[in-house]
Structure formats: C-alpha cells, structure tokens
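J.: One structure, pasted below without further comment.
Bear in mind that the values in this text are calculations on the coordinates, not laboratory data. No experiment lies behind these values; they were computed from the predicted model shown. Note that each Cβ is placed from the backbone with ideal geometry, even for glycine, and that neighbours are counted across all protein chains shown.
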Amino acid sequence: MPPDAAATLAARPQRRPRAAHVLGQNIGLVLAAAILLASAVVFTLMFVIQQQRLPGSFEITSTVNNTMPLAVAAIGQTVVVLTRGIDLSVGGVIDLTNALAAIFLAGSPLHMIVVSILVVLVGAGAGLVNGLLVGLGRLQPIVVTLATLSIFQGLAIRVLPQPGGSVPAGYTNLLVNPDAPTALIFLAVAILGWMALRRSRLGVELFAVGNDEAAAVALGVNALRTKIVAYSIAGALYAVAGLFLAANATSGDATTGNSYTLTSIVAVVLGGVSLFGGRGSAIGAICGAFITTMIVNILFYAHINPLYQAFYEGLFLVVAVVLGSLIGNLLRRRG
Amino acid sequence: MVGMLNRRSLLAASGIGLLAAGLPGRPFAAERKLKIALSNSYIGNKWRIEMENLFKAALQMEPYKSQVEGSWFNSGNDVSQQSQQISGLIGERVDAIIVNAASPTGLNGILHQATERGILVVSFDNVVTAPTAIKVDTDQFQFGKKLADFLVEKLNGKGNVIMVTGVAGTFVDKERNAGADSVWKQHPGIKVVNRYTGMWDSSVAERNTAAILPSLPKIDGIWCQGGTDGVLKAFIAAKRTPLPPTAGEAENGFRKFMTGYMSQKVDGLSIGQPPYLVLVSLELARRILQKSHPRKDITIPFPFVTNSTVKVGETVFPNLPDSFFADFTDSGADATVKICVDAALTGKACEGKLDVRLPSQA
C-alpha cells in the first residue's frame, strides 16, 4: 500500500512557517516591489513639494506609456536570463521591429492587426536565430547576441535609413492611450501570461535548465529545445516592445531601440532576477523597469546638475542592487 | 553653478507655495516670469557643452534675466529618457520647451502632447519632424555650396580639389555634399580628385588625410565639412606646403591657421553650425510667448569668417584648444548675436544686454 501523502507531509517537521517560506522564495520580487514603492513615494513627495498638487492622470499615464517598451523587453530578457543566458540583441530587435512598424503599419484596422502579428513573428524569428546559435552551436550567449545585435541594427538601418514613417493615431491610442493609463491592461495580460508560463511544463523546464542544466537533462528535460523556445519568446516580446515604442513616438527611428539592451538588463537585475539563472520573476523585472523610470523622474524633480545626471543614475542603481542583495542575504540566513 | 541657480528658484517657489497655500489663485500671476526649459539629448562633445553654456549665460543676462525662468536637462541619446523628462516639463507646466532631440521622430508623441496642452515647442540643431513644433535651423545645402563657391573663386574655376565629408547616412552630410556638387557641376574646370570622410572629427580627418595624401596629385583646394584643422595638419606632416586655399568648419584650430599657425598661413573660409542656435531658439520662444513674433519656423544664416574678417579675441582664440568651436558668436554688422567667449566656456554672464536678432519677416 502506498504511503498516505497527506500523512507523510504532516509528519515531516515543518522547517519554517509558510509565510517565511514564500518570502524566502520570492525575496527578489518582494524587494523589487519595495524599491519601486519607495521610489514612487519619494517621487510623489518631491512632486507635491514643487507642484503643490498630487501627480495627476497625465504624470501617471506618461510614466506608464514611457515605461511600456522597457517593461515588455525586460520580460523577454527575464525569460532568457532564467536559462542562464543573456540577450544583448534586444536593442537590435527593437530597432528592426520599430522600423518595420513605422513603415508598414498605416492602413485599415485589419491591416494593422496583420502587420502587428507579422512584426512579432519577425521578432520571434530573430530570437530563434539567437536560440539556434546558442543551443545548437553551443556558443556563449553573450558572444552570439552581441554579434546578432549588430546584424539586427544593420538590418534596421537598411529598412529605415532615415527616421520617418508614421503610426496611425488609432494604433497609438490603443497601445499607449495618452489620456489614461490603459496600457496597464496590457501589463496585466503580460503578468497573467507569465503566471501561466510559470506553472506550465515549459516554465518548469526554464527554471530547471537555468538552475542546473546537467541535472535537468538527466531528469529528461530537453535543454536545447527549452533554450530555443526561450530566445524565441524573448524575441517576440522585444518585437512587442518595438511596437509600443513606435506607438509612443508615433513614428520610427532605426536607432532608438539601442538603449534597451542595457536598460533591459538593468531592469532585470533591479527586479531581483539572478543573472546566474534559475531564479527570478518577470513581475520583478516589470517593477525593475518602472524603478528606472522613477529614477529619471526623481532626478528630474531634484533639479540636479544635468551634467552629473548619469553619475546619480548609476549611484541609484548600485545602491538599489547592493541594498537588495544585502537584505536578501539577511532574510535568507534568518529563514 | 547650476545647482545654485535652480536650488534658489526651487526654494523661492516652495516658499511662495507655503505662503500662498491658503490663498486662492496664483500669487505671482501679474508679472510671472516665462518658464522656458531646454531639453538636450547628448552632452558628450564640445559643441553641445558650448551650446548649453550659452543658454546658461543668457539666462543671467537681460532681457532674459528678468523675464525668463530657465532650466535645462540632458538625457543622453536615450529617447525614452528624453521623453520622460519632457513629460516632467509638461507636468511642471512650463511655457516653452526648447529641444535638441535624440531622434528626429522619437519624441513626436510626447511633443504633440506638449503642444496640445498649450506648451510652445521650439526644436533646433537636430530638429524634430513633429509638425506642431517650431523649427530653428540653418540651411545645410547652402553650407556646402558656400564652401564650394569660395574655392571656385579662389582657383578661378580650375584645379584639383579634395572633399572631406561628414558622417555618412545623416541628413546634414547629404545636404552639404549635394550643395558642393551643385557648384562643381557648373564648373567643369574643378576636378574632385578624392572624396573621403573625416567623420566631423579632427583626429579622424587627420588620420584619413594622412593615409590618402601620398596617392594624390597636387591639391589646389580643400573642401572640408568638419575636422578642418586635422586635414591641414596632415598636409603639413606630408610637407604639402604652402597650404592650398581651404573652405572648412569653424574649429578654432582652422581659424588659427587663417591668422598664422605652425608657421603656415592658409587662405580660408570658415563656416559653422553655430552653438548659438540655442539663443535664437530662446529668443524666438520669448518673442512668441510675448506675442511679438508669429509662430513660424526660422532659418538663420551661417556665421562665417574669411582671412579679411577673422579677428583675434573675437572669432579666433590663440589660447584656446584647436577643437574649440569658434562660432559660438556671430560677427560683423548684421550679426545674429554677439556674445563673449566666457559665456561659451563657463556659462557665465557677459557684460551688458544680450541682443539676439531674429531674421526679418520677409
């Protein structure tokens, strides 16, 4: 007779209370949310002091709309980083998809839907190339994606040699409505998608490969397929980021995506996703993306010397990351 | 310097805010200063630093000192950051935003929102395509054409010329080259024996010139978009002296050659994309907000000097580095703006009033 599962569970001595366990498991996410909350509070205080009013609909909407491309790109970066990879081609894929969107989007609603889907497929294809090179070629992700970054950037310039093109107003209103933060709905959808992925077989495999590839393979996980799928999903998400960027700018520029390579990694790190793979949450990365925007906001209202702005940005990041890891270590040791 | 100015205005603003907390309406509505902000992108080169220094200096000079409350921001070449900063300026309810954009198109969305909220947007240098933004710029086609015209005149329409071009793929490079080509077409006696890039950078221009010179015949004229002093130094290193007539940018080093430098003297024409475009933008914003100028794009003439007009201490500075842009000020009787060198170097105010002449409304 097999042992009664419930009985064995109950008999096992509980190592720590459930709440502490959950906290220990999600410490990165909790810290990211805490930093985001703290930076939002600081921003609100500075805003109230200087403007004698609370941040209104415009401030919230523009913060959300400006962060959308980064938030979506950071989810993609998370998926790759979870497999113990890293993706530097983010900027190139965003450049390329942003350029494609600016050229081909204009048309009827149906046309816009078709073009959007095609653009996302282009992104997924770019990710597939990365995944194949990393997985099949057994090459270092940082080398592969550094090379494909240049390739995608080059393609983007070919597609759109000079900034231009246009995005229909209806498309902009749908994705990044300038009058209300409706873009949050897309974020909610992304979070739901993440939670579903987390519970799916693929999600488990992502974490398994990132934690210990050899062990995962021994347990029957197809590591190659997992990596290829991870990079492809990431590529598709970068394409979505490119669409949001185009919608926000209302036109295209084949170089505006470049900065997202670094900022997406920053968002992932701030979001508590471990660069060593196997640990982290896309929700944390979204928080990380919003933290970077909040830092820009805070520095704006602090009216610091613009020449030192990059310095302070870096300082904020270091402090946030160091604090995060210190608190994380403390909590884990206590638990 | 910057911090002080801003901190003071910040303290004043919050102080007034506290006093007025219980009172209805705006306390300083009667003689409110115009809030004009500069949103700059990249700040990593001399041109941009001089440009921002001029803006700071102007804010401490009349009429701006008493009429304008200015602020300035840099975002680097990161469109989302510049966009977020402009959102902040909209939130602060400034009256006008002057933009040197990280992308000609990337800010169109947020700038549209600014103009929808009644904020005046003036874009200069790297101008934006947003139709609601007022544009202040120079005519780059004319830049290339004027340089070429000078050489045609100096060479009497006959001789070998090299063209040192700029950063390929940019609008400015294309226009300047087209301007030059339009002149060469009418003067078949002029032979362009080589055309290579100097990347608008003196050291790149010097390196590329040094590499290519040995393969070239005698050069009778130099047409150079940028990095002119580097080209001349390569000529000297290759013992191609005396230096041929040269039409180039506004590097201080080039102008030093025009007045005598490294025991050489060159017959030259020096034209520049002036950093004071920011002052023209500031003046235009002030005038439009005070309703004394129509809401219209303006193109300003390039500042230029020749050997007969270049003046030590005014348009060329022997004590300053070769890479300094000596066109921070205009010169001559019809000057758009005249400002002292300290303003460009340190952002300090000059003596007297600042008089910016906008082109007449034709």
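J.: I'd like the full set of residues that are surrounded by 24 or more Cβ atoms within 10 Å (Cβ to Cβ), more than 7 Å from every other protein chain (Cβ to nearest Cβ) and in contact with an Asp or Glu (Cβ under 8 Å, 6 or more places away or on another chain), limited to the stretch B:93-131.
T.: Answer for the stretch B:93-131, where residues must be surrounded by 24 or more Cβ atoms within 10 Å (Cβ to Cβ), more than 7 Å from every other protein chain (Cβ to nearest Cβ) and in contact with an Asp or Glu (Cβ under 8 Å, 6 or more places away or on another chain): B:Asn100, B:Ala102, B:Phe124.
J.: From the list A:Ala126, A:Ala102, A:Ala73, pick out the single residue that is under 24 Å from A:Leu184 (Cα atoms), in contact with a Gly (Cβ under 8 Å, 6 or more places away or on another chain), crowded, with 19+ Cβ neighbours inside 10 Å and of a type in the set (Gly, Ala, Ser).
T.: Values: A:Ala126 fails: under 24 Å from A:Leu184 (Cα atoms); A:Ala73 fails: in contact with a Gly (Cβ under 8 Å, 6 or more places away or on another chain).
Every option except A:Ala102 fails the conditions.
J.: Take the residues of the stretch B:272-318 that are in a loop (DSSP other than H, G, I, E, B) and among the acidic types (Asp, Glu): which is farthest from B:Val136 (Cα to Cα)? Can you show your working first?
T.: Taking the stretch B:272-318 and keeping what is in a loop (DSSP other than H, G, I, E, B), we get B:272-276, B:290-297, B:300-303, B:307-311, B:313-315, B:317-318.
Narrowing the set further to residues that are among the acidic types (Asp, Glu) leaves B:297, B:314.
Values: B:Asp297: 6, B:Glu314: 25 Å.
Out of the qualifying residues, it is B:Glu314.
J.: Search the stretch B:44-58 for residues being within 14 Å of another protein chain (Cβ to nearest Cβ) and over 21 Å from B:Ala133 (Cβ atoms), and hand back the single one that is surrounded by the most Cβ atoms within 10 Å (Cβ to Cβ).
T.: First, pick out the residues of the stretch B:44-58 that are within 14 Å of another protein chain (Cβ to nearest Cβ): B:44-46, B:48-53, B:55-56.
Of the ones still in play, those that are also over 21 Å from B:Ala133 (Cβ atoms) are B:44-46, B:49-50, B:53, B:56.
On the way: B:Gly44: 11, B:Asn45: 13, B:Lys46: 15, B:Ile49: 17, B:Glu50: 24, B:Asn53: 20, B:Lys56: 20.
Selected residue: B:Glu50.
J.: Taking the criterion of being at positive phi, surrounded by 15 or more Cβ atoms within 10 Å (Cβ to Cβ) and assigned to a strand (DSSP E or B), would at least one residue in the stretch B:188-206 satisfy it? Write out each step before concluding.
T.: At the first step, the residues of the stretch B:188-206 found to be at positive phi are B:199-200.
Next cut, surrounded by 15 or more Cβ atoms within 10 Å (Cβ to Cβ) only: B:199-200.
Retained after the next criterion (residues that are assigned to a strand (DSSP E or B)): none.
Within the stretch B:188-206, not a single residue is at positive phi, surrounded by 15 or more Cβ atoms within 10 Å (Cβ to Cβ) and assigned to a strand (DSSP E or B).
J.: With the condition being within 12 Å of chain B (Cβ to nearest Cβ) and not basic (Lys, Arg), I'd like the helices (runs of 4 or more DSSP H) fully within the stretch A:12-82 carrying at least 2 qualifying residues.
T.: By residue number, A:27-51, A:57-82.
J.: With the requirement that a residue be closer than 25 Å to B:Pro321 by Cα and in contact (Cβ under 8 Å) with a residue 60 or more places away in the chain, what does the stretch B:188-220 give you?
T.: B:Ser202
J.: Can you name the residue in the stretch B:270-302 that is in contact with a Phe, Trp or Tyr (Cβ under 8 Å, 6 or more places away or on another chain) and free of Cβ contacts under 8 Å to residues at least 60 places away in the same chain and is also farthest from B:Gln140 (Cα to Cα) among such residues?
T.: Here the answer is B:Ser270.
J.: Taking the criterion of being assigned to a strand (DSSP E or B), surrounded by fewer than 24 Cβ atoms within 10 Å (Cβ to Cβ), at negative phi and in contact with a Phe, Trp or Tyr (Cβ under 8 Å, 6 or more places away or on another chain), would at least one residue in the stretch B:325-332 satisfy it?
T.: yes
J.: Give the residues of the stretch A:148-177 that are polar (S, T, N, Q) and within 14 Å of chain B (Cβ to nearest Cβ), sorted by residue number.
T.: A:Gln153, A:Gln162, A:Ser166, A:Thr172, A:Asn173, A:Asn177
J.: Among the residues of the stretch A:244-253, is there at least one that is in contact with a Phe, Trp or Tyr (Cβ under 7 Å, 6 or more places away or on another chain) and within 14 Å of chain B (Cβ to nearest Cβ)?
T.: Yes, the conditions are met somewhere in the stretch A:244-253.
J.: Within the stretch B:207-262, which residues are under 23 Å from B:Gly157 (Cβ atoms), crowded, with 16+ Cβ neighbours inside 10 Å and of a type in the set (D, E, K, R)?
T.: B:Asp220, B:Arg240, listed by residue number.
J.: While we're on this one: Looking at (1) more than 22 Å from B:Val356 (Cα to Cα); (2) surrounded by fewer than 24 Cβ atoms within 10 Å (Cβ to Cβ), can you tell me which one B:Glu69 breaks?
T.: Of everything listed in (1) more than 22 Å from B:Val356 (Cα to Cα); (2) surrounded by fewer than 24 Cβ atoms within 10 Å (Cβ to Cβ), B:Glu69 misses just condition (1).
J.: Follow-up question, since we're still on this one. Looking only at the stretch B:314-324, which residues are loosely packed, with under 14 Cβ neighbours inside 10 Å and in contact (Cβ under 8 Å) with a residue 12 or more places away in the chain?
T.: B:Pro318, B:Pro321
J.: Taking the stretch B:70-92, which residues are more than 7 Å from chain A (Cβ to nearest Cβ) and touching a Leu at 6+ places or on another chain (Cβ under 7 Å)?
T.: Answer for the stretch B:70-92, where residues must be more than 7 Å from chain A (Cβ to nearest Cβ) and touching a Leu at 6+ places or on another chain (Cβ under 7 Å): B:Gly70, B:Gln82, B:Ile86.
J.: Test A:Ala234 against the stated conditions and say whether it is part of a helix (DSSP H, G or I), within 14 Å of chain B (Cβ to nearest Cβ) and buried (at least 24 other Cβ atoms within 10 Å of the Cβ).
T.: On the way: part of a helix (DSSP H, G or I): yes; within 14 Å of chain B (Cβ to nearest Cβ): no; buried (at least 24 other Cβ atoms within 10 Å of the Cβ): yes.
Judged against the criteria, A:Ala234 is not a match.
J.: Could you please find all residues in the stretch B:207-245 being part of a loop (DSSP other than H, G, I, E, B), among the charged types (D, E, K, R) and farther than 19 Å from B:Asn307 by Cα? Break it down into steps so the answer makes sense when it comes.
T.: Filtering the stretch B:207-245 down to residues part of a loop (DSSP other than H, G, I, E, B) leaves B:216-220, B:225-227, B:238-245.
If we keep only those that are among the charged types (D, E, K, R) as well, we get B:218, B:220, B:239-240.
Result: B:Lys218, B:Lys239, B:Arg240.
J.: Scan (1) away from chain B (no Cβ under 14 Å); (2) under 19 Å from A:Ala169 (Cβ atoms) for the single condition A:Leu105 breaks and write down its number.
T.: Unmet for A:Leu105, out of (1) away from chain B (no Cβ under 14 Å); (2) under 19 Å from A:Ala169 (Cβ atoms): (1).
J.: Still on this structure, please answer the following. Any chance the stretch A:276-290 includes a residue that's closer than 30 Å to B:Thr105 by Cβ, within 11 Å of chain B (Cβ to nearest Cβ) and not aliphatic (A, V, I, L, M)?
T.: Among the residues of the stretch A:276-290, not one is closer than 30 Å to B:Thr105 by Cβ, within 11 Å of chain B (Cβ to nearest Cβ) and not aliphatic (A, V, I, L, M), which makes the answer no.
J.: Find the residue count for the stretch B:142-174, including only residues that are in contact with a Ser or Thr (Cβ under 8 Å, 6 or more places away or on another chain) and either assigned to a loop (DSSP other than H, G, I, E, B) or over 16 Å from B:Val192 (Cα atoms) (or both).
T.: The qualifying residues number 4.
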